[in-house]
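The values are calculated or read from the model by the stated rules, or taken from the named source; none is laboratory data. None of these values were measured; they are calculated from a predicted model. FYI the Cβ positions are ideal-geometry reconstructions off the backbone, even for glycines, and counts take in every protein chain you see.
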């Protein structure tokens, strides 16, 4: 279980990192993907469970491949 949490924590951090690299606020990203900006914040804080579909939508909006969000060498 600990290992899974570590992967999730790194994913959330990478999502926030890429979003900031793209100079997007949580609100702007939420507009792009048609989600509530509070939900984006919940995802980045690890308070929301996300599906692969949601991960793919977020990756597309950030103009990266989904696998990029799982590359934790940043």
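Just a few scattered comments:
- Any hit, region 4-11, residues being modelled with pLDDT of 95 or more, within 22 Å of residue 74 (Cβ to Cβ) and in a helix (DSSP H, G or I): no
- Just one of (1) at pLDDT below 95; (2) part of a helix (DSSP H, G or I); (3) out of contact with any helix residue (DSSP H, G or I) (no Cβ under 9 Å at 6 or more places or on another chain) fails for residue 73. It is (2).
- Residues (surrounded by 15 or more Cβ atoms within 10 Å (Cβ to Cβ) and assigned to a loop (DSSP other than H, G, I, E, B)) located in region 27-42: 35
- Residue, surrounded by the most Cβ atoms within 10 Å (Cβ to Cβ), within region 43-60, restricted to residues that are over 10 Å from the mean Cα position of the chain (by Cα) and assigned to a helix (DSSP H, G or I): 60
- Identity of the residue in region 14-51, touching a residue at least 40 places away in the same chain (Cβ under 8 Å) and in contact with a helix residue (DSSP H, G or I) (Cβ under 9 Å, 6 or more places away or on another chain), that ends up nearest to residue 74 (Cα to Cα): 14
- Residue within region 63-72 that is surrounded by 16 or more Cβ atoms within 10 Å (Cβ to Cβ) and free of Cβ contacts under 8 Å to residues at least 24 places away in the same chain present: no
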